[in-house]
Amino acid sequence: MVKVRTENLKDIISIRQVNLAAFEQPIEADLVDKLRNSCKDIISLVAEEDGHIVGHILFTPVKVETKKGIDQGMGLAPMAVLPEYQKKGIGSKLIEKGIEELKNRKCPFVVVLGHSEYYPKFGFEVASMYGVRCKWEVPDEAFMIMILSDLDLSSFSGVVHFRSEFDEVA
Ligand SMILES: CC(C)(COP(=O)(O)OP(=O)(O)OC[C@H]1O[C@@H](n2cnc3c(N)ncnc32)[C@H](O)[C@@H]1OP(=O)(O)O)[C@@H](O)C(=O)NCCC(=O)NCCS
(Lines give C-alpha, C1' and ligand atoms only; values in the text may rest on other atoms or scores of the structure.)
Protein backbone atom coordinates (compact mmCIF):
# COMPACT_ATOMS: atom_id res chain seq x y z
CA MET A 1 0.00 0.00 0.00
CA VAL A 2 1.50 3.32 -1.06
CA LYS A 3 1.39 6.20 1.38
CA VAL A 4 2.10 9.79 0.32
CA ARG A 5 3.52 12.09 3.00
CA THR A 6 5.78 15.11 3.49
CA GLU A 7 9.49 14.34 3.25
CA ASN A 8 11.64 14.23 6.35
CA LEU A 9 15.42 14.40 6.84
CA LYS A 10 15.79 10.61 6.69
CA ASP A 11 14.31 10.56 3.16
CA ILE A 12 16.86 12.83 1.51
CA ILE A 13 19.20 10.12 0.17
CA SER A 14 16.29 7.98 -1.04
CA ILE A 15 14.71 10.97 -2.81
CA ARG A 16 17.99 11.53 -4.62
CA GLN A 17 18.07 7.88 -5.66
CA VAL A 18 14.49 8.02 -6.98
CA ASN A 19 15.30 11.08 -9.11
CA LEU A 20 18.56 9.57 -10.38
CA ALA A 21 16.82 6.36 -11.39
CA ALA A 22 13.77 8.00 -12.99
CA PHE A 23 15.65 10.62 -15.00
CA GLU A 24 18.82 8.56 -15.62
CA GLN A 25 20.95 11.66 -14.99
CA PRO A 26 21.87 13.75 -11.94
CA ILE A 27 20.38 17.10 -13.08
CA GLU A 28 17.00 16.73 -11.36
CA ALA A 29 18.44 15.08 -8.22
CA ASP A 30 20.93 17.96 -7.89
CA LEU A 31 18.16 20.50 -8.47
CA VAL A 32 16.00 19.00 -5.71
CA ASP A 33 18.92 19.15 -3.27
CA LYS A 34 19.71 22.77 -4.21
CA LEU A 35 16.10 23.91 -3.89
CA ARG A 36 15.68 22.19 -0.54
CA ASN A 37 18.74 24.04 0.77
CA SER A 38 17.91 27.45 -0.68
CA CYS A 39 14.14 27.69 -0.35
CA LYS A 40 12.11 27.13 2.80
CA ASP A 41 8.75 27.50 1.09
CA ILE A 42 8.70 24.17 -0.76
CA ILE A 43 6.30 21.26 -0.73
CA SER A 44 8.23 18.02 -1.00
CA LEU A 45 6.21 14.81 -0.83
CA VAL A 46 7.31 11.21 -0.98
CA ALA A 47 5.49 8.03 -1.89
CA GLU A 48 6.41 5.25 0.52
CA GLU A 49 5.73 1.56 0.05
CA ASP A 50 6.71 -0.98 2.71
CA GLY A 51 9.11 1.53 4.23
CA HIS A 52 10.83 2.32 0.89
CA ILE A 53 10.68 5.65 -0.92
CA VAL A 54 9.45 4.90 -4.43
CA GLY A 55 8.32 8.32 -5.64
CA HIS A 56 8.84 12.01 -5.07
CA ILE A 57 7.24 15.32 -6.09
CA LEU A 58 8.41 18.87 -5.50
CA PHE A 59 6.58 22.20 -5.63
CA THR A 60 8.48 25.51 -5.40
CA PRO A 61 7.29 29.13 -5.52
CA VAL A 62 6.77 30.87 -8.87
CA LYS A 63 5.86 34.45 -9.71
CA VAL A 64 3.82 35.87 -12.56
CA GLU A 65 4.49 39.46 -13.55
CA THR A 66 1.03 40.79 -14.32
CA LYS A 67 -0.17 44.26 -15.33
CA LYS A 68 -1.18 44.89 -11.71
CA GLY A 69 1.86 43.46 -9.96
CA ILE A 70 3.20 40.09 -8.95
CA ASP A 71 0.98 37.02 -8.45
CA GLN A 72 2.60 34.21 -6.46
CA GLY A 73 1.85 30.56 -7.07
CA MET A 74 3.71 27.28 -7.11
CA GLY A 75 5.44 25.23 -9.79
CA LEU A 76 5.40 21.44 -9.93
CA ALA A 77 8.89 20.13 -10.77
CA PRO A 78 10.40 17.70 -10.76
CA MET A 79 8.43 14.55 -10.06
CA ALA A 80 9.77 11.04 -10.29
CA VAL A 81 8.74 7.46 -9.65
CA LEU A 82 11.22 4.55 -9.57
CA PRO A 83 11.10 2.89 -13.02
CA GLU A 84 9.91 -0.46 -11.64
CA TYR A 85 7.02 1.28 -9.84
CA GLN A 86 5.82 3.43 -12.76
CA LYS A 87 2.36 3.14 -14.34
CA LYS A 88 0.83 1.88 -11.10
CA GLY A 89 -0.82 5.14 -10.12
CA ILE A 90 1.90 6.38 -7.76
CA GLY A 91 2.58 9.53 -9.80
CA SER A 92 -1.15 10.28 -9.76
CA LYS A 93 -1.27 9.91 -5.97
CA LEU A 94 1.66 12.30 -5.58
CA ILE A 95 0.00 14.92 -7.79
CA GLU A 96 -3.38 14.56 -6.07
CA LYS A 97 -1.86 14.90 -2.60
CA GLY A 98 0.23 17.86 -3.78
CA ILE A 99 -2.83 19.65 -5.12
CA GLU A 100 -4.70 18.98 -1.86
CA GLU A 101 -1.80 20.52 0.08
CA LEU A 102 -1.68 23.55 -2.26
CA LYS A 103 -5.41 24.10 -1.74
CA ASN A 104 -4.97 23.86 2.04
CA ARG A 105 -2.33 26.57 1.79
CA LYS A 106 -4.71 28.70 -0.34
CA CYS A 107 -2.19 28.71 -3.17
CA PRO A 108 -3.94 30.48 -6.09
CA PHE A 109 -2.41 28.51 -8.98
CA VAL A 110 0.10 25.84 -9.89
CA VAL A 111 2.05 25.52 -13.13
CA VAL A 112 3.88 22.61 -14.67
CA LEU A 113 6.14 22.12 -17.66
CA GLY A 114 5.78 18.55 -18.81
CA HIS A 115 4.03 15.81 -20.74
CA SER A 116 0.92 17.35 -22.32
CA GLU A 117 -0.87 13.98 -22.24
CA TYR A 118 -0.20 13.34 -18.56
CA TYR A 119 -1.11 16.44 -16.56
CA PRO A 120 -4.52 17.47 -18.04
CA LYS A 121 -6.19 14.46 -16.39
CA PHE A 122 -5.56 16.16 -13.03
CA GLY A 123 -7.12 19.45 -14.17
CA PHE A 124 -4.16 21.23 -15.70
CA GLU A 125 -4.93 23.40 -18.74
CA VAL A 126 -2.68 24.90 -21.37
CA ALA A 127 -1.36 28.05 -19.67
CA SER A 128 -1.47 30.19 -22.81
CA MET A 129 -5.29 30.03 -22.58
CA TYR A 130 -4.88 32.39 -19.62
CA GLY A 131 -2.26 34.51 -21.37
CA VAL A 132 0.36 32.94 -19.13
CA ARG A 133 3.69 32.03 -20.67
CA CYS A 134 6.81 30.23 -19.65
CA LYS A 135 9.98 32.32 -19.64
CA TRP A 136 11.80 29.57 -21.54
CA GLU A 137 10.98 28.68 -25.13
CA VAL A 138 8.86 25.53 -24.81
CA PRO A 139 6.07 23.91 -26.86
CA ASP A 140 2.81 25.72 -26.08
CA GLU A 141 0.94 22.61 -24.91
CA ALA A 142 3.76 21.58 -22.54
CA PHE A 143 3.32 24.55 -20.22
CA MET A 144 0.19 24.06 -18.13
CA ILE A 145 -1.62 25.70 -15.27
CA MET A 146 -4.31 24.84 -12.74
CA ILE A 147 -6.20 27.68 -11.09
CA LEU A 148 -6.85 26.63 -7.48
CA SER A 149 -8.53 29.53 -5.75
CA ASP A 150 -9.78 33.05 -6.22
CA LEU A 151 -7.58 34.93 -8.60
CA ASP A 152 -8.28 38.14 -10.48
CA LEU A 153 -8.21 36.57 -13.92
CA SER A 154 -8.85 39.94 -15.60
CA SER A 155 -5.30 40.99 -14.84
CA PHE A 156 -3.72 37.56 -14.56
CA SER A 157 -1.45 37.18 -17.55
CA GLY A 158 2.25 37.41 -18.08
CA VAL A 159 5.47 35.49 -17.80
CA VAL A 160 5.98 32.84 -15.12
CA HIS A 161 9.30 32.94 -13.31
CA PHE A 162 10.53 29.84 -11.54
CA ARG A 163 13.24 30.01 -8.86
CA SER A 164 16.60 30.97 -10.37
CA GLU A 165 17.96 27.47 -9.64
CA PHE A 166 15.87 26.26 -12.60
CA ASP A 167 17.67 28.67 -14.99
CA GLU A 168 20.85 26.69 -14.48
CA VAL A 169 19.21 23.51 -15.84
CA ALA A 170 16.72 24.99 -18.36
C1 LIG B 1 6.02 10.84 -15.10
C2 LIG B 1 6.01 9.85 -13.92
C3 LIG B 1 6.37 10.59 -12.64
C4 LIG B 1 4.59 9.27 -13.81
O5 LIG B 1 4.53 8.43 -12.68
P6 LIG B 1 3.66 7.10 -12.68
O7 LIG B 1 3.61 6.58 -11.31
O8 LIG B 1 4.14 6.20 -13.75
O9 LIG B 1 2.26 7.72 -13.10
P10 LIG B 1 0.85 7.00 -13.01
O11 LIG B 1 0.99 5.54 -12.86
O12 LIG B 1 0.06 7.71 -11.98
O13 LIG B 1 0.32 7.33 -14.45
C14 LIG B 1 -0.99 7.71 -14.67
C15 LIG B 1 -1.26 7.68 -16.13
O16 LIG B 1 -0.36 8.49 -16.89
C17 LIG B 1 0.26 7.71 -17.92
N18 LIG B 1 1.62 8.20 -18.08
C19 LIG B 1 2.66 7.96 -17.26
N20 LIG B 1 3.76 8.58 -17.75
C21 LIG B 1 3.39 9.21 -18.89
C22 LIG B 1 4.07 9.99 -19.85
N23 LIG B 1 5.39 10.23 -19.76
N24 LIG B 1 3.38 10.51 -20.88
C25 LIG B 1 2.05 10.27 -21.00
N26 LIG B 1 1.35 9.51 -20.14
C27 LIG B 1 2.02 8.98 -19.09
C28 LIG B 1 0.19 6.30 -17.44
O29 LIG B 1 0.22 5.42 -18.54
C30 LIG B 1 -1.16 6.30 -16.74
O31 LIG B 1 -2.20 6.25 -17.67
P32 LIG B 1 -3.58 5.53 -17.31
O33 LIG B 1 -4.08 6.18 -16.05
O34 LIG B 1 -4.42 5.81 -18.51
O35 LIG B 1 -3.21 4.10 -17.13
C36 LIG B 1 6.99 8.67 -14.12
O37 LIG B 1 6.70 8.06 -15.34
C38 LIG B 1 8.46 9.10 -14.12
O39 LIG B 1 9.11 9.14 -13.08
N40 LIG B 1 9.01 9.39 -15.31
C41 LIG B 1 10.41 9.77 -15.44
C42 LIG B 1 10.63 11.16 -14.91
C43 LIG B 1 9.70 12.18 -15.56
O44 LIG B 1 9.57 12.25 -16.78
N45 LIG B 1 9.10 13.03 -14.70
C46 LIG B 1 8.11 14.00 -15.16
C47 LIG B 1 8.72 15.24 -15.60
S48 LIG B 1 9.21 16.28 -14.26
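Results, tabulated for the structure shown:
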{"item": "Search result, residues across the range 16-62 that are free of Cβ contacts under 8 Å to residues at least 40 places away in the same chain and part of a loop (DSSP other than H, G, I, E, B)", "result": "E24, Q25, P26, K40, D41, I42, D50, G51"}
{"item": "Filter result (surrounded by fewer than 20 Cβ atoms within 10 Å (Cβ to Cβ) and over 14 Å from E165 (Cα atoms)) within the range 44-62", "result": "S44, E48, E49, D50, G51, H52"}
{"item": "Selection status of T66, out of contact with any Lys or Arg (no Cβ under 9 Å at 6 or more places or on another chain) and of a type in the set (S, T, N, Q)", "result": "yes"}
{"item": "Filtered residue count, the range 84-129, keeping only those that are in a strand (DSSP E or B) and of a type outside the set (D, E)", "result": "6"}
{"item": "Given (1) open to solvent by less than 20 Å² (accessible area, probe 1.4 Å); (2) within 13 Å of the ligand (Cβ to nearest atom); (3) under 16 Å from F122 (Cα atoms), number of the condition M79 does not satisfy", "result": "(1)"}
{"item": "From K97, K3, K68, K93, residue being surrounded by fewer than 16 Cβ atoms within 10 Å (Cβ to Cβ) and out of contact with any Phe, Trp or Tyr (no Cβ under 9 Å at 6 or more places or on another chain)", "result": "K3"}
{"item": "Close pairs (6 angstrom Cβ cut-off, 6 or more residues apart or separate chains): over 11 Å from L148 (Cβ atoms) and without any contact (Cβ under 8 Å) to a residue 40 or more places away in the chain in the range 92-107, hydrophobic (A, V, I, L, M, F, W, C) and surrounded by 16 or more Cβ atoms within 10 Å (Cβ to Cβ) anywhere", "result": "I95/F122"}
{"item": "Filtered residue count, the range 86-119, keeping only those that are more than 9 Å from the ligand (Cβ to nearest atom), within 21 Å of V132 (Cα to Cα) and small (G, A, S)", "result": "0"}
{"item": "Residue within the range 17-29 that is within 30 Å of G131 (Cα to Cα) and surrounded by 18 or more Cβ atoms within 10 Å (Cβ to Cβ) present", "result": "yes"}
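The values are calculated or read from the model by the stated rules, or taken from the named source; none is laboratory data. Being a predicted model, the structure only gives us computed values, none of them experimental. Note that we place each Cβ from the backbone using ideal geometry, even for glycine, and neighbour counts take in every protein chain shown. Each accessible area value is taken on the protein alone, full model and side chains, heavy atoms only, with ligands, DNA and RNA left out. Shrake-Rupley method; radii C 1.70, N 1.55, O 1.52, S 1.80 Å.
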